[in-house]
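First up is the structure itself, then whatever we jot down about it.
The values are calculated or read from the model by the stated rules, or taken from the named source; none is laboratory data. On a predicted model such as this, the values are computed, not experimentally measured, just so you know. Here Cβ is always computed from backbone atoms with ideal geometry, including for glycine, and neighbour counts include all displayed protein chains. Accessible surface areas use protein heavy atoms only, side chains included; no ligands, DNA or RNA. Shrake-Rupley method; radii C 1.70, N 1.55, O 1.52, S 1.80 Å.
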Amino acid sequence: MEGKGAYDRHSLAQHSAGRFGIPVLERALAGLVVPTERRSPLLVADFGAAGGRNELGPMSIAVGALRARAADTPIVVVHTDIPTNDFSTLFETVEHSPDTYLHTPGVYPLAAGRSFYEQILPPESVTLGWSAIAVHWLSRVPTPIPEHVYSSFATGDVRAAFSAQSASDWDAFLRARAVELRDGAALVVVGGAASDDGAPGAEALMDALDRALRRARDAGAITADEYLHMNVPTWNRTLAEFSAPFASGAAATRAGLRLEEHSLAEVPDAYLAAFREDGDAAGFADSVTAFLRAFTEPSLFESLDRPPSERASLAGDVYADVRGRLLADPAAHETVWRVALLRITRSPR
Ligand SMILES: C[S@@+](CC[C@H](N)C(=O)[O-])C[C@H]1O[C@@H](n2cnc3c(N)ncnc32)[C@H](O)[C@@H]1O
């Protein structure tokens, strides 16, 4: 994600998507087995925290519900993300935001800079896990996608390679959580998803980005090889893909996890709704470009073997091109992200 708080400032879409998980989180909390030995803290883990702004709501709900059930037990909230995450913004946000969950007494926030595709927390330590809009990020790009930067446009063997990488990453994520969760603990995942036909709902927007990049390639501003290796390393899973490891005898089931509920939701385009209210096409183009840039620029431009000033200037030109496309026709770039809402529990060992 883009640093210096940029992700937090431009993550309205993720914020809206994460909110869909709140009723699922509340059901998870209601069904939790809460250990109440005073000396043993209750551990809440947040997987894929980014700058923290969108975590404050769900963490406040979790902390409040746990405090109501265990008045004197310390609560530890561990925000996790990859080592290059904008942890400074995360710490500032948790410490100083008026919406922080730290108003509840006896709560201790910590952070871990490790990939959620491996075990991060000690065995049998986590009472509640939460992950919003994060597990669609793959651990690696399995193969470049010719003629596009976004995996939902991949076809044939390339598509199969992304689907296989996604399956193996999802298994790894679940196996790590199965070790970390205590008996009777719960994990809520709000996952970037796709409808049954594989569509995440952002095709028009991601195509605008790809067209801008191809224009830069065709004009010679970036080379064909640079373009080929520009990929957004994500895969939005269908509900069938999310559920597969929970079949009888499959990896998550063998590891002791149960899928208690799963559903698909569509997140209405908050930026387009604002444009339809106020008619401000420039405002729409600015907001959507900033949102897109915050989650795509690092994967597309940071690996270019060029001086930082050149990378920044190239990125500036490409996102200006995208902005022009959005400004010309806001409605054609409507984005209705799909999210999977999953409630998972840890069976007794
Ligand atoms: C779109 S942001 C979502 C952040 C936040 N949960 C929200 O709801 O807005 C996705 C986050 O997942 C993180 N992420 C991606 N791959 C990860 C991995 N393998 N391990 C941990 N975090 C990861 C990214 O660094 C990013 O901060």
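Things to note:
- So ALA294, is it within 15 Å of LEU12 (Cβ to Cβ), crowded, with 19+ Cβ neighbours inside 10 Å and either of a type in the set (Gly, Ala, Ser) or within 18 Å of the chain's Cα centre (by Cα) (or both): yes
- Qualifying positions in segment 76-112 - part of a strand (DSSP E or B) and within 11 Å of the ligand (Cβ to nearest atom): HIS79, THR80, ASP81, ALA112
- Taking the criterion of being open to solvent by less than 60 Å² (accessible area, probe 1.4 Å) and in contact (Cβ under 8 Å) with a residue 40 or more places away in the chain, the residues of segment 215-226 that qualify are ALA216, ALA221, ILE222, GLU226.
- Residue list for segment 313-340, filter: over 15 Å from ARG215 (Cβ atoms), under 24 Å from the mean Cα position of the chain (by Cα) and surrounded by fewer than 21 Cβ atoms within 10 Å (Cβ to Cβ): GLU334, VAL336
Residue-by-condition table, conditions (1) under 29 Å from GLU124 (Cβ atoms); (2) within 21 Å of the chain's Cα centre (by Cα):
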| position | (1), (2) |
| --- | --- |
| ARG175 | yes, yes |
| ALA202 | no, yes |
| ALA208 | no, no |
| ALA216 | no, no |
| ALA219 | no, no |
| ALA224 | no, no |
| TYR227 | no, no |
| MET230 | no, yes |
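- Neighbours by Cβ (under 8 Å, 6+ apart or cross-chain): first from segment 45-62, farther than 14 Å from ILE82 by Cβ; second in a loop (DSSP other than H, G, I, E, B) and within 11 Å of the ligand (Cβ to nearest atom): ALA45/ILE120; ARG53/SER11; ASN54/SER11; ASN54/ILE133; GLU55/ALA49; PRO58/GLY21
- Top-ranked residue in segment 113-151 [being away from the ligand (no atom under 16 Å from the Cβ) and in contact with an Asp or Glu (Cβ under 9 Å, 6 or more places away or on another chain); ranked as farthest from THR80 (Cα to Cα)]: GLU147
- Failed condition for VAL33, given (1) over 18 Å from PRO105 (Cβ atoms); (2) within 16 Å of the ligand (Cβ to nearest atom); (3) open to solvent by 30 Å² or more (accessible area, probe 1.4 Å): (2)
- LEU43 closer than 21 Å to SER347 by Cβ, open to solvent by less than 40 Å² (accessible area, probe 1.4 Å) and over 20 Å from the mean Cα position of the chain (by Cα): yes
- Residues of segment 64-87 classified as farther than 17 Å from LEU110 by Cα and not hydrophobic (A, V, I, L, M, F, W, C), total: 4
- Picking from residues in segment 1-27 that are at pLDDT below 95 and among the acidic types (Asp, Glu), the one that is most open to solvent (accessible area, probe 1.4 Å) is GLU2.
- Sole residue being of a type in the set (Gly, Ala, Ser), more than 15 Å from MET206 (Cβ to Cβ) and part of a helix (DSSP H, G or I), chosen from ALA282, ALA294: ALA282
- Flag not set for ILE75, criterion: free of Cβ contacts under 8 Å to residues at least 40 places away in the same chain, touching a helix residue (DSSP H, G or I) at 6+ places or on another chain (Cβ under 9 Å) and either hydroxyl-bearing (Ser, Thr, Tyr) or open to solvent by 30 Å² or more (accessible area, probe 1.4 Å) (or both).
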